[in-house]
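Remarks on the structure that follows.
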Amino acid sequence: MKKLTGGQAAVESLKAEKVEQVFGLIGSATMEMFDALYDASEINFVGVHDERTGTHMADGYARASGNAGVILAGQNGPGATNLVTGLGQAAAAFTPIVSIAGALSSSHVYRDAFQEVDQQALFSPITKKTWTATGADRVPEMFREAFRVAMTPRKGPVQLNLPRDVLSATAEFPAFQKPRAYRSQSVPAGAADAIAQAAELLRNAERPVIIAGGGIKNTGGHVQAMELAETLNAPVVTSPGHGDAVPFDHPLNAGQMGPRGNPVASRLVREADVILALGTRIGFNATFYSYDNINEDAAIIHVELEPTAIGRYFPIEVGIWADAPTAAVQLRAAITSMNKRAEVEAWTGAYKSERVAYLATRDEDAATDVLPIQPSGLFKALREVLPKDTAVTMDAGTLCLQATDALNYWHPKSLFTPLDFGLVGFSFACGLGVKLAQPERPVVSLMGDGGFGMTLSELSTAVDHKINTVTVVMNNKCWGAEKAYQRDFFGGRYIGADISSPRFDKVAELYGAAGFRAQTLDEMREAIEAALVCGKPAVVDVAVDPAALYSFRRDSFKHRGG
């Protein structure tokens with residue numbers, strides 16, 4: 001038995017979980033925990049400037065590493081409320097984050113005390129589970145439960161509230177348990193009858209398509225998915241935000257589908273007679289819940305690890321509750337022949353020709369000789385200059401939404417986006433977390449000038465901790481998506497759409513980072529190449545045409561006759 005404070009027990013719990021990085025902002029409510037971290041040499045504490053952006057760092061770290069990200073808000077009240085946006089983002093992306101916040105002393109609850117907020121109620125809707133510790137002796141138990149819940153499929157964020165008196169109290173503790181003592185070690189396989197039924201549908205398909213989603217990307221299941229695709233000779237499309245689920249250079253990879261995807265992949269899903277959805281909800285961003293984006297007559301085979309997602313938005317022929325890569329292996333073993341081989345070869349052959357033509361046209365039509373810089377030219381230049389092992393992070397917004405399918409993702413787990421939360425201000429901070437998880441990879445973060453303006457204080461974090469990412473600020477001096485809607489559907493009655501910013505390259509230099517400015521594509525190429533090898537965090541401020549705006553959600557404004 002060992003006598004420890006609750007704060008010391010919290011840090012011992014992190015050590016037992018083999019936590020290597022803790023992101024956080026110091027505060028008086030958790031001083032016992034920070035004091036214990038001082039002696040925890042195996043844990044790197046990354047002090048941030050805002051709890052929201054710290055949570056995005058933990059999000060990127062978790063996605064890239066496969067481990068839970070940890071964020072520590074040192075202060076109750078405002079320190080805790082600043083976590084909300086980051087945890088809402090993590091919940092939408094199913095990112096495993098263990099969020100820890102100081103909490104009011106137990107004896108002060110319900111007394112309108114200083115910085116009092118009902119944190120239990122605040123976090124419950126945006127986490128898988130929220131706990132408020134009731135005693136120092138229960139701190140290890142709650143940490144074990146927090147990591148277990150965060151890492152159990154479907155993964156997601158959890159919140160631990162640690163009252164001041166709990167952290168300062170002492171208790172006797174036995175040896176801290178290792179994760180293997182309470183962590184699930186297996187995933188479900190598809191039921192034999194469901195696999196057989198699905199295999200029969202695929203054997204008789206004339207126009208099969210596989211949709212690869214987060215259940216393939218996040219598990220590293222691209223090998224199993226593409227081996228099944230090769231067996232079927234079926235094109236693979238990726239769900240939005242998961243354009244890196246399978247390697248770009250595989251001839252069966254059609255790219256991102258849906259209203260924001262490319263025309264080749266989107267057509268395949270609209271015309272397929274059998275759709276195998278592997279680890280995707282077939283949800284909003286993929287379809288807008290509309291048969292405009294998926295063939296109403298197709299037989300859908302839906303493979304998902306989350307049983308409530310199966311058949312939720314579209315009627316299905318077969319539902320398979322299973323780990324997506326495991327089900328792909330099962331299906332491949334069950335499919336010994338294709339009954340409509342000639343038809344499938346014609347379908348896939350036509351797709352391959354269309355895909356090659358599309359990629360060639362994408363390059364040929366890119367506007368590379370005009371100023372100001374156009375998005376198509378910018379994306380072509382990025383395709384040319386980024387190393388193949390680059391990890392790319394993105395914000396929401398019109399330029400980043402275009403970029404999700406305009407760049408080439410050669411290795412799975414190369415694209416990190418806000419996904420369904422549509423968050424601006426995510427990319428730069430997320431990239432810092434990705435870089436800490438995979439320090440050997442180049443990390444490039446794409447942002448608009450508005451989003452970067454929200455988060456640039458974390459340049460200090462990047463400089464202080466030598467987290468050398470490259471942030472490309474696509475500077476069009478406006479909130480682009482909203483300005484496009486005001487232009488297209490509200491008669492150009494602009495309000496709040498235009499913004500001004502300092503030169504971000506100069507701001508970066510003031511923080512001690514490297515700054516570059518580009519007003520032509522040649523300058524941008526040179527700047528990114530220099531930024532990647534400069535040995536510092538770097539910011540490339542790129543002047544993009546403010547008039548190059550695109551309305552993505554035209555369906556939202558049908559009532560205005562647009």
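The values are calculated or read from the model by the stated rules, or taken from the named source; none is laboratory data. Quantities reported herein were computed from a predicted structural model and do not represent experimental measurements. Please note: Cβ atoms are built from the backbone with ideal geometry, for glycine as well, and neighbour counts cover all protein chains shown.
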(message) in a helix (DSSP H, G or I), touching a residue at least 24 places away in the same chain (Cβ under 8 Å) and either of a type in the set (D, E, K, R) or under 21 Å from residue 21 (Cα atoms) (or both): which single residue out of 429, 381 fits that description?
(response) 429
(message) For the range 249-266, which positions are touching a residue at least 40 places away in the same chain (Cβ under 8 Å) and surrounded by fewer than 18 Cβ atoms within 10 Å (Cβ to Cβ)?
(response) 249, 251, 263
(request) Give the residue that is nearest to residue 229 (Cα to Cα), with candidates limited to residues of the range 294-326 that are in contact (Cβ under 8 Å) with a residue 24 or more places away in the chain, of a type in the set (Asp, Glu) and in contact with a Phe, Trp or Tyr (Cβ under 9 Å, 6 or more places away or on another chain). (result) 304
(request) With the checklist (1) surrounded by 24 or more Cβ atoms within 10 Å (Cβ to Cβ); (2) on the phi > 0 side of the Ramachandran plot in hand, flag the one item residue 220 doesn't pass. (result) (1)
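Being closer than 18 Å to residue 58 by Cα and either surrounded by fewer than 24 Cβ atoms within 10 Å (Cβ to Cβ) or not acidic (Asp, Glu) (or both) is the filter here; which residues of the range 385-413 pass it?
391, 392, 393, 394, 413
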(message) Against the conditions (1) modelled with pLDDT of 95 or more; (2) touching a Gly at 6+ places or on another chain (Cβ under 8 Å); (3) assigned to a loop (DSSP other than H, G, I, E, B), where does residue 412 fall short? Just the number, please.
(response) (1)
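Looking at 541, 545, 505, which one is surrounded by 15 or more Cβ atoms within 10 Å (Cβ to Cβ) and free of Cβ contacts under 8 Å to residues at least 60 places away in the same chain?
Numbers: 541 fails: free of Cβ contacts under 8 Å to residues at least 60 places away in the same chain; 545 fails: free of Cβ contacts under 8 Å to residues at least 60 places away in the same chain.
Answer to the selection: 505.
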(request) Quick one: residue 416 ticks every box in (1) within 13 Å of the chain's Cα centre (by Cα); (2) buried (at least 22 other Cβ atoms within 10 Å of the Cβ); (3) within 21 Å of residue 553 (Cα to Cα) except a single one, so which number is it? (result) (3)
(message) Criterion first (within 21 Å of residue 507 (Cβ to Cβ), within 18 Å of the chain's Cα centre (by Cα) and surrounded by 24 or more Cβ atoms within 10 Å (Cβ to Cβ)) does residue 433 satisfy it?
(response) no
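Does the range 412-432 include one or more residues that are out of contact with any strand residue (DSSP E or B) (no Cβ under 7 Å at 6 or more places or on another chain) and basic (Lys, Arg)?
yes
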(message) Quick test of your reading of the structure: residue 353 fulfils all but one of (1) in a helix (DSSP H, G or I); (2) in the same structural domain as residue 546 (by TED's automatic domain parsing); (3) over 29 Å from the mean Cα position of the chain (by Cα). Name the failing condition by number.
(response) (2)
(request) Inspect all residues belonging to the range 16-34 and state whether any of them is of a type in the set (Phe, Trp, Tyr) and in a strand (DSSP E or B). (result) yes
(request) Tell me, please, whether a residue that is more than 28 Å from residue 433 (Cα to Cα) and part of a loop (DSSP other than H, G, I, E, B) can be found in the range 509-532. (result) yes
(message) Any residue that is buried (at least 18 other Cβ atoms within 10 Å of the Cβ) and closer than 25 Å to residue 105 by Cβ - is there at least one of those in the range 57-65?
(response) no
